[in-house]
1. Can you tell me which residues in the range 120-168 are part of a helix (DSSP H, G or I) and free of Cβ contacts under 8 Å to residues at least 12 places away in the same chain?
2. Quick check: is even one residue across the range 62-72 closer than 19 Å to residue 117 by Cβ, surrounded by fewer than 14 Cβ atoms within 10 Å (Cβ to Cβ), among the charged types (D, E, K, R) and out of contact with any Lys or Arg (no Cβ under 6 Å at 6 or more places or on another chain)?
3. Does residue 44 fit the bill of being free of Cβ contacts under 8 Å to residues at least 24 places away in the same chain and of a type in the set (Gly, Ala, Ser)?
4. Could you run through the range 248-275 and say how many residues are surrounded by fewer than 21 Cβ atoms within 10 Å (Cβ to Cβ), more than 14 Å from residue 208 (Cα to Cα) and in contact with a Gly (Cβ under 6 Å, 6 or more places away or on another chain)?
5. Considering only the range 37-50, how many residues are closer than 21 Å to residue 19 by Cβ, in a helix (DSSP H, G or I) and not aromatic (Phe, Trp, Tyr)?
6. Considering only the range 275-330, state which residues are of a type in the set (Asp, Glu) and within 22 Å of the chain's Cα centre (by Cα).
7. Considering each of 256, 244, 196, 263 in turn, give the residue that is among the aromatic types (Phe, Trp, Tyr) and in contact with a strand residue (DSSP E or B) (Cβ under 6 Å, 6 or more places away or on another chain).
8. How many residues does the range 180-237 hold that are crowded, with 21+ Cβ neighbours inside 10 Å, in a loop (DSSP other than H, G, I, E, B) and either out of contact with any helix residue (DSSP H, G or I) (no Cβ under 7 Å at 6 or more places or on another chain) or modelled with pLDDT of 95 or more (or both)?
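The values are calculated or read from the model by the stated rules, or taken from the named source; none is laboratory data. The shown structure was predicted, so the numbers you read here are calculated from the model rather than taken from an experiment. All Cβ positions, glycine included, derive from the backbone under ideal geometry; neighbour counts span all protein chains shown.
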Amino acid sequence: MKVALITGSAGLIGSESVVFMADKFDLIVGIDNDMRAYFFGNDASTEWNKNRLVQKFDNYKHYNTDIREYDKLQEIFQTYNADIQLIVHTAAQPSHDWAARDPIMDFSVNANGTLHLLELTRKFCPDAVFIFTSTNKVYGDTPNRLPLVELESRYEVDSNHVFYKDGIDESMRLDQTTHSIFGASKVAADVLVQEYGRYFNMKTGSFRGGCLTGPNHSGAQLHGFLSYLMKCVLTGKHYTIFGYKGKQVRDNIHSYDLVNMFYHFYKNPRVGEVYNVGGSRHSNCSMLEAIQMCEKVAEKKLSYSYDATNRVGDHIWYISDVSKFKKHYPDWEYTYNLEDLILNIYSGIK
């Protein structure tokens, strides 16, 4: 029996992974205890998404398990053992603002939880492919030291700076920078994923995402910017822009395109690999540009205000260079551009 184990299975990337993998594996084992509701409130709960998956897929089995509880995780791994051929680890505390409120819980979820999963994979299914949803926050605020120029609606890297004109690649340093507490816990997990690959010769991949989004995102103020922004436009809820005049730039990748990356890696895995993943030059926008696009699609105006204090460690400009992944997996292509993505989010919320 072919089993795929997916953590955070009711979240954005986890649920997309369930949908994508359901017809490719005999059984999908989902692990998710709806910690998102604890982190961000009931409006961000993923319970609805879990119920959708349970009802839609006969080969989906859900476990309401906390990844910090090693013994309970071990029971799941013991049940399926070497039948587990793929682990997609998306469960996390995902907000750098929230992490500062409770650094111990943040680290226990992001770092310790990842260690539990890696060790259980090594113990029960060492030949499985282990995919980790990391973050561009592992680079801290180093991207802010690039030569940036201020344009009318966005910041952009100076055109004379040839090295990063296509975006930020995996060579950017991780040290001597302000990561945020969240970024630090994800660095620990990211390095563990690499080390288990290289030290124990396991097939592990760490995917350092920019803004990951899609129609099944339970967006909240502290996480899920495009989804939450569209939700505010549609409902009339007030939105706050934090710092950088609203000209901070993010690349945005649809959850389907990211999970398709995962699947390409699964079919031809590598050992201890790292990839920057995001919308790249294909799909990116500033906060101001995103507001304009959401307003146009929804045909409504956003109520918003500006707070000049930027979030600690926040990026002014971040666009991912995905050329390394494209070189390794040339058959992979984007399915969604930014306009498609925003329309998709709108259709999922309205």
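1. Residues of the range 120-168 part of a helix (DSSP H, G or I): 120-124, 136-139, 142-145.
145 - this is the single residue of the range 120-168 that is part of a helix (DSSP H, G or I) and free of Cβ contacts under 8 Å to residues at least 12 places away in the same chain.
2. Looking only at the range 62-72, we keep the residues that are closer than 19 Å to residue 117 by Cβ, and these are 62-72.
Those still in the list that are surrounded by fewer than 14 Cβ atoms within 10 Å (Cβ to Cβ) too: 64, 69, 71.
With the extra rule that they be among the charged types (D, E, K, R), the set shrinks to 69, 71.
Then keep just the ones that are out of contact with any Lys or Arg (no Cβ under 6 Å at 6 or more places or on another chain); that gives 69, 71.
The answer is yes, given that some residue of the range 62-72 is closer than 19 Å to residue 117 by Cβ, surrounded by fewer than 14 Cβ atoms within 10 Å (Cβ to Cβ), among the charged types (D, E, K, R) and out of contact with any Lys or Arg (no Cβ under 6 Å at 6 or more places or on another chain).
3. No, not satisfied.
4. Number satisfying all stated conditions: 1.
5. 4
6. Step one: filter the range 275-330 for residues of a type in the set (Asp, Glu), giving 289, 295, 299, 307, 314, 321.
Those that are of a type in the set (Asp, Glu) and within 22 Å of the chain's Cα centre (by Cα): 289, 314, 321.
7. Working: 256 fails: in contact with a strand residue (DSSP E or B) (Cβ under 6 Å, 6 or more places away or on another chain); 244 fails: in contact with a strand residue (DSSP E or B) (Cβ under 6 Å, 6 or more places away or on another chain); 263 fails: in contact with a strand residue (DSSP E or B) (Cβ under 6 Å, 6 or more places away or on another chain).
Checking each option against the conditions leaves just 196.
8. So the count comes out to 2.
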